[in-house]
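I have placed the structure first, in the form of structure tokens, so that the comments after it can refer back to it.
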Amino acid sequence: MAATVLVVEDDPAIARALTINLTVRDYHPHVATTGAQALKLAAEIAPDLVLLDLGLPDIDGLDVINGIRGWSEVPIIVVSARHEAESKIEALDRGADDYVTKPFSLGELLARLRANLRRAVSEPASARLETRDGVLTIDLAAHRVSRRGEDVHLTPKEWKFLELLARHPNQLVKQADVLAHVWGPQYVTETGYTRVYVSQLRAKLEDDPHNPAYLLTELGMGYRLVADET
Ligand code: CA
């Protein structure tokens, strides 16, 4: 399956060279030339990998990392002319996965791209979770939920919601993170969405949806899935 790569680069010559080289190798590149466009496109196309130039005309590339990491674990390779150790460390601290310094060799960049894509594929939170009473099982790799042994059908958005909670079992997941992950970063204030979807999920998963045992609301904060990895 061809990987979609978001190329964030304001230098047209470099963007064009990357686009051509990625396309001939069967990747699907999309170019963003500003940080704002990068954040918008990242939400729209849900890329498999992001190549990110740090020096952008509008916002700092480091803030693009923060923006994407608020809701996505997509691999981010920073491609930057800044060679100072500081910006490299800062990029990695903010959640970038790898770093290539300009001028880069295409061979090296492609090797790092392949390595990061492989890592992302081989580490899908492979976990299987189960509620303590054994009623619900969630298989993240297979995208399946079952209740007392019967498959439960979820809509794609319901699954995305549940999946995010299941990747952080027993932990509070902030409402804004759910909104950004399921609907996109521009929807973080649409709290009504999560309320509707949480009731839908409870109706499908809980014995008593009005007195939930698994999918808990932390008032004014977010949600928590009570389940353990098996
Ligand atoms: Ca630049």
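What follows is calculated from the coordinates using simple rules that are stated; it is not laboratory data. Just so it is clear, the model here is predicted, and its values are computed rather than measured. Glycine also receives a Cβ, built like all others from the backbone with ideal geometry; neighbour counts cover every protein chain displayed.
Return yes when THR189 is part of a strand (DSSP E or B) and surrounded by fewer than 18 Cβ atoms within 10 Å (Cβ to Cβ) and no when it is not. Here the answer is no, as THR189 does not meet what is asked.
Quick one: count up the residues across the range 29-40 that are away from the ligand (no atom under 15 Å from the Cβ), closer than 30 Å to LEU165 by Cβ and outside any helix (DSSP H, G or I). Write out each step before concluding.
Restricting attention to the range 29-40, the residues satisfying the condition of being away from the ligand (no atom under 15 Å from the Cβ) are 29-30, 39-40.
When the remaining residues are screened for being closer than 30 Å to LEU165 by Cβ, the result is 30, 39-40.
Next cut, outside any helix (DSSP H, G or I) only: 30.
Adding up the residues that qualify gives 1.
Checking each residue in the range 5-28 for being over 16 Å from VAL100 (Cβ atoms) and either touching a helix residue (DSSP H, G or I) at 6+ places or on another chain (Cβ under 6 Å) or within 16 Å of the ligand (Cβ to nearest atom) (or both) picks out ASP10, PRO12, ALA13, ARG16, THR19.
Taking the listed residues VAL74, VAL100, the one that is assigned to a loop (DSSP other than H, G, I, E, B), surrounded by fewer than 21 Cβ atoms within 10 Å (Cβ to Cβ), away from the ligand (no atom under 13 Å from the Cβ) and among the β-branched types (Val, Ile, Thr) is VAL74, with no other qualifying.
The residues of the range 29-39 that are without any contact (Cβ under 8 Å) to a residue 40 or more places away in the chain and touching a helix residue (DSSP H, G or I) at 6+ places or on another chain (Cβ under 8 Å), listed by number, are PRO29, HIS30, VAL31, ALA32, THR33, GLY35, ALA38. I'd like to check something: does the range 131-154 contain any residue that is touching a Leu at 6+ places or on another chain (Cβ under 9 Å) and surrounded by fewer than 12 Cβ atoms within 10 Å (Cβ to Cβ)? The answer is yes, given that some residue of the range 131-154 is touching a Leu at 6+ places or on another chain (Cβ under 9 Å) and surrounded by fewer than 12 Cβ atoms within 10 Å (Cβ to Cβ). Summed over the range 182-193, residues that are more than 23 Å from SER146 (Cβ to Cβ) and under 18 Å from the mean Cα position of the chain (by Cα) total 6. Of the residues making up the range 46-71, those that are touching a residue at least 60 places away in the same chain (Cβ under 8 Å) and either in a helix (DSSP H, G or I) or within 16 Å of the ligand (Cβ to nearest atom) (or both) are LEU51, GLY67. If you go through the range 203-230 and keep only what is outside any loop (DSSP other than H, G, I, E, B), in contact with a strand residue (DSSP E or B) (Cβ under 7 Å, 6 or more places away or on another chain) and within 14 Å of SER146 (Cα to Cα), you end up with just LEU205. From the list ALA2, ALA43, the one residue that fits, being away from the ligand (no atom under 16 Å from the Cβ), touching a residue at least 60 places away in the same chain (Cβ under 8 Å) and not aromatic (Phe, Trp, Tyr), is ALA43.
Select from the range 218-230 the residues that are of a type outside the set (A, V, I, L, M, F, W, C) and surrounded by fewer than 16 Cβ atoms within 10 Å (Cβ to Cβ) and write down the one among them that is nearest to VAL173 (Cα to Cα). Give the steps one after another, and end with the answer.
Step one: of the range 218-230, the residues of a type outside the set (A, V, I, L, M, F, W, C) are 218, 220, 222-224, 228-230.
From what's left, surrounded by fewer than 16 Cβ atoms within 10 Å (Cβ to Cβ): 218, 220, 228-230.
Numbers: GLU218: 9, GLY220: 12, ASP228: 15, GLU229: 17, THR230: 20 Å.
Per the stated criteria, the residue is GLU218.
Part of a helix (DSSP H, G or I), surrounded by 14 or more Cβ atoms within 10 Å (Cβ to Cβ) and among the aromatic types (Phe, Trp, Tyr) - does that describe any residue in the range 169-184? Within the range 169-184, none of the residues are part of a helix (DSSP H, G or I), surrounded by 14 or more Cβ atoms within 10 Å (Cβ to Cβ) and among the aromatic types (Phe, Trp, Tyr). Going residue by residue through the range 80-101, is there one that turns out to be of a type in the set (Lys, Arg) and under 21 Å from the mean Cα position of the chain (by Cα)? Yes, the range 80-101 has at least one match.
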